[in-house]
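The values are calculated or read from the model by the stated rules, or taken from the named source; none is laboratory data. It should be emphasised that the depicted structure is a prediction, and the values quoted were computed from it without experimental measurement. Here the Cβ is made from the backbone with ideal geometry for all residues, glycine too, and neighbour counts use every protein chain on show.
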Protein chains: 2
Amino acid sequence: MFLLNVAQRRLQRWMAARSPHGGVTAAQSGLLFVLGQRDGALMGEAGAALDLGPPGISGLVDRMTAANLIERRADPDDGRAWRLWLTPAGRAAMAQSKAGLADVNARLTEGFTDAEIDVVARWLTTMQSRFPKGEDE
Amino acid sequence: MFLLNVAQRRLQRWMAARSPHGGVTAAQSGLLFVLGQRDGALMGEAGAALDLGPPGISGLVDRMTAANLIERRADPDDGRAWRLWLTPAGRAAMAQSKAGLADVNARLTEGFTDAEIDVVARWLTTMQSRFPKGEDE
DNA sequence: TCAATTTATTTCGCACGCGAACTATCTAGG
DNA sequence: CCTAGATAGTTCGCGTGCGAAATAAATTGA
């Protein structure tokens, strides 16, 4: 069960090590992908897509805004909300990350049959419902 | 591929939520287990067992020492090294964590056959060699 | 013996994300 | 219209772990 922890960390570490170019981390590329599919999303929406709580996105957005990858613009219909938009630099970084992703995914599935990968994917997905955010027992 | 990240975070979050008792976190219980099997380990050894770099353990040990779970004692044969020992409180916390672990593992494997779990375990383990610490390509 | 190197650990600055508490805005109810 | 609650984000303090640079002790070599 510590396997999961270690595996995740290994992957993260490896990804961090091989992409020092523009400083786009794994978490950041996640948000880039989300905005690539739904530019102008609310922070809450983006957070839900990435399974992050409010503080998680807030910080991520802060860092990415500072890095000039995304922009925070007020929602015209709701004074509390902000919408997130990719900058040109962000769009470029996303394209680059997308290319890298294929590589990583290939490496993740290498040596396993489709059926096996299917089992793994199902297990990971199941875990999300098995360990819910809110309640327990 | 973000699945892994999310799954790990979910698990971590869930474990954190359900054990506010003594403040023993997942990372900390990991170290407790290591010391349970090899009390008096060097920091480097413990780090290797948990797949943590030097800064990782150093910080973990600091926090756990402050919480009175473990003790840092100088190695008599090597002036640079420290050996880690469980305190009585640490030993108690370990026993408690061990009990909880069975629960978590049961929940992790629930709904999957032994063969399937085997595939998952193999996949997680393989990832460790697939994404090595040091070098690349 | 005395540098040069290796090894064990610490420190620093960073990214990440959580829970809790807070602010500001929007929406209902009376 | 005005107060009560829901909703969107922010801030704070914490734990976690990384890479890079520093410190200190041990080992190796000339």
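At a glance:
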quantity	calculated
Of residues in region A:71-92 being of a type in the set (A, V, I, L, M) and within 12 Å of DNA strand C (Cβ to nearest atom), the one farthest from the other protein chains (Cβ to nearest Cβ)	A:A74
Extreme residue, nearest to the other protein chains (Cβ to nearest Cβ), among residues of region A:12-67 that are buried (at least 19 other Cβ atoms within 10 Å of the Cβ) and part of a loop (DSSP other than H, G, I, E, B)	A:L52
In region A:94-118, the residues that are of a type in the set (K, R) and at the interface with chain B (Cβ under 7 Å from one of its Cβ atoms)	A:R107
Residue in region B:112-137 that is modelled with the highest pLDDT, counting only those that are out of contact with any helix residue (DSSP H, G or I) (no Cβ under 7 Å at 6 or more places or on another chain) and surrounded by 14 or more Cβ atoms within 10 Å (Cβ to Cβ)	B:R122
Within region B:32-62, tally of residues that are touching a residue at least 40 places away in the same chain (Cβ under 8 Å) and either in contact with a Cys (Cβ under 9 Å, 6 or more places away or on another chain) or within 12 Å of DNA strand D (Cβ to nearest atom) (or both)	2
Tally, over region B:33-55, of residues that are among the small types (G, A, S) and over 21 Å from B:A93 (Cα atoms)	3
Condition check for B:T109: of a type in the set (S, T, Y), over 17 Å from the mean Cα position of the chain (by Cα) and surrounded by 15 or more Cβ atoms within 10 Å (Cβ to Cβ)	yes
